[in-house]
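The block underneath contains the structure these notes are about, expressed in structure tokens.
Values in this text are rule-based calculations from the coordinates and carry no lab data. As the structure is a prediction and not an experimental result, all values here were calculated from the model. Because the Cβ atoms are built from the backbone with ideal geometry, glycine has one as well, and the counts that use them run over all protein chains shown.
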Amino acid sequence: MRKLNIAMIGTGFMGKAHSLCYSAMPSFFWPPPAIPVRKIVVDVNDALASGARDRLGFEEYATNWQDVVTRSDIDVVDICTPNNSHAEIAIAAAKAGKHILCEKPLAMDATEAKAMLDAVEAAGVTHMVAFNYRQTPAVIMAKQLIESGRIGEILTVRGQYMQDWSADPGTPLSWRFQKKLAGSGALGDVGTHVIDMVRYLVGEFESVNAIVRTHIPERPLQTGAFDKMASASRDSSGPKGPVDVDDAFITMIRFENGAAGFIEATRNAYGHHNGLGFEINGTRGSIIFDYQRMNELKVMLADDPQDLQGFRTLHMGPAHPYGEHLWPIPGLGVGYIDVKIIECFNFFKAIAEGRPGEPSFRDGYQISRIADAIVASGVSQKWERISDF
Ligand SMILES: NC(=O)c1ccc[n+]([C@@H]2O[C@H](COP(=O)([O-])OP(=O)(O)OC[C@H]3O[C@@H](n4cnc5c(N)ncnc54)[C@H](O)[C@@H]3O)[C@@H](O)[C@H]2O)c1
């Protein structure tokens with residue numbers, strides 16, 4: 001069985017998730033396309049990197065990614081760092097001929113994303129962006145219903161990603177609130193996930209018309225290396241720094257296929273802990289998905305007898321996408337890490353088949369163009385065409 005050595009850069013929230021997948025993926029998908037070997041993990045100092053080696057099950061650790069991505073015994077570079085370092089690491093890894101899994105958003109903006117796409121295509125390596133939510137079985141089921149024509153032609157769509165972990169102004173000023181480290185705020189952090197999901201289901205965006213707002217202009221300075229998000233202690237009394245990214249956006253969308261819709265995203269909507277979802281209405285039915293009930297898909301089909309028409313709830317299980325690999329009866333439920341395991345399987349499958357992953361850096365670049373158009377529309381207060389970015 002082929003084994004592939006992984007160098008993982010960054011050991012916070014995503015480092016933890018990806019490491020779990022490397023050990024678990026072959027248990028779900030046997031025989032796996034390749035066995036991931038947790039070879040070396042990198043973080044910014046000895047304490048973080050050596051601690052991560054022990055905690056996340058890697059053989060070695062290092063504190064300098066530049067020395068690691070060129071090593072001849074490394075096959076895969078996994079980028080789990082804040083957004084400002086994705087491009088530099090990915091371009092170096094591509095030049096060294098490594099396959100790359102990069103956390104989302106792909107880059108700080110579309111210009112950086114294009115340079116990354118050019119580098120991986122020139123190198124001929126496998127590349128994938130970790131927009132994991134599109135790998136959720138219920139979302140893939142929605143895609144299958146749309147592609148088989150069960151809800152007809154898509155007319156309208158509403159997508160949202162609403163969280164509340166930063167609604168309190170005492171939530172610390174992590175890298176997620178600094179333009180030089182994150183590129184954008186709610187837009188890049190959560191907005192790009194719902195943009196990816198809606199684009200995957202409905203089709204290419206033609207133009208956007210957005211309102212982009214920052215509601216909390218400064219936050220208490222953070223201590224420690226990685227972002228503790230909702231688990232951070234909140235204290236507004238200490239020294240503060242400026243927030244120079246968006247807290248929220250709402251955008252109307254024109255799709256190339258004639259559909260119309262809107263998306264909104266924020267991390268400041270009290271009561272919505274991880275409210276990622278969509279509603280899609282077609283000429284023959286509708287579909288609703290809410291990540292906080294991620295094992296369910298609500299479907300209404302106009303073909304049903306009139307006296308039975310209404311939303312039915314499908315509970316994901318062995319009959320649904322990836323069900324035969326996960327758990328043997330419906331209702332046991334898949335969770336966040338199961339979806340990341342599906343993503344991991346798809347990445348290694350793409351490597352084994354010598355092609356880009358799905359979503360690829362080309363998808364990541366397109367989403368960066370949409371995000372840049374949303375930012376521009378927030379300033380111009382006009383419709384912005386994606387093709388101009
Ligand atoms: N797919 C998802 O659902 C999802 C969820 C959260 C975050 N993310 C993305 O994952 C990436 C990481 O986010 P996170 O939440 O894990 O952040 P985090 O703050 O929890 O962890 C980031 C880690 O990277 C390390 N790091 C920073 N610069 C580094 C460098 N130059 N070399 C080595 N290590 C470095 C930090 O010390 C820290 O340990 C971001 O791009 C984020 O947008 C994706």
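Take every Cα pair under 8 Å whose residues are at least 6 apart in sequence, average their separation, divide by the length of the stretch 1-121, and the relative contact order is 25 percent. Label-to-label distance, ILE337 versus GLU296, with points set 7 angstrom from Cα along the beta-carbon direction: 2.5 nm. Using θ = phi - 60° in the Karplus curve 6.51 cos²θ - 1.76 cosθ + 1.60, the 3J(HN,Hα) couplings for the stretch 14-29 round to 6, x, 4, 5, 5, 4, 4, 5, 4, 7, 8, 3, x, 5, 8, 10 Hz; x is entered for Gly and Pro. Sequence-ordered 3J(HN,Hα) estimates for the stretch 327-336 from the Karplus curve with 6.51, -1.76 and 1.60 and θ = phi - 60° stand at 10, x, 10, x, x, 5, x, 9, x, 3 Hz, glycine and proline given as x.
Dividing the Cα radius of gyration of the stretch 3-130 by its Kirkwood radius returns 0.95 for Rg/Rh.
For the chain, the relative contact order works out to 20 percent when only alpha carbon pairs closer than 8 Å and six or more residues apart are counted. Under the combined filter of DSSP loop state and at most 16 neighbouring Cβ atoms within 10 Å, the stretch 244-341 retains these trypsin sites (Lys or Arg not before Pro): ARG284.
Here's the list of lysines a cross-link from LYS16 could span, going by alpha-carbon distance under 17 Å and ignoring same-chain residues fewer than 8 apart: LYS39, LYS104, LYS228, LYS340. Maximal additional length on extending the ARG234-LEU308 stretch stands at 21.6 nm, based on 0.36 nm per residue less the C-alpha distance. Full extension of the segment from ARG55 to ARG284, taken as 0.36 nm per residue of separation minus the current Cα-Cα distance, would add 77.4 nm. Applying 0.36 nm per residue to the separation of ALA122 and SER85 and subtracting their alpha-carbon distance, the gain on full extension is 11.3 nm. Evaluating 6.51 cos²θ - 1.76 cosθ + 1.60 at θ = phi - 60° for every residue in the stretch 56-62, the Karplus couplings come out as 9, x, 8, 6, 9, 9, 8 Hz, glycine and proline recorded as x. Rounded, prolate or oblate, given the Cα gyration tensor of the stretch 298-373, with a/c below 1.5 counting as rounded? Oblate, since a/c reaches 1.5 and b/c is not below a/b.
The loop-placed chymotrypsin sites (Phe, Trp or Tyr not before Pro) in the stretch 125-169, going by DSSP, include none that has at most 12 neighbouring Cβ atoms within 10 Å of its Cβ. If you run the Gaussian network model on the chain, springs between alpha carbon atoms under 10 Å, then out of ALA113, ALA302, ALA186 the most flexible one is ALA302. Checking every one of the trypsin sites (Lys or Arg not before Pro) in the stretch 211-253 against DSSP loop status and a limit of 13 other Cβ atoms within 10 Å picks out ARG234. Take the Cα of ASN64, step 7 Å toward its Cβ, do the same at SER27, and the gap between the two points is 3.7 nm.
Within the chain, CYS80, CYS102 have no other Cys Cβ under 4.7 Å of their Cβ and so lack a disulfide-compatible partner by this rule.
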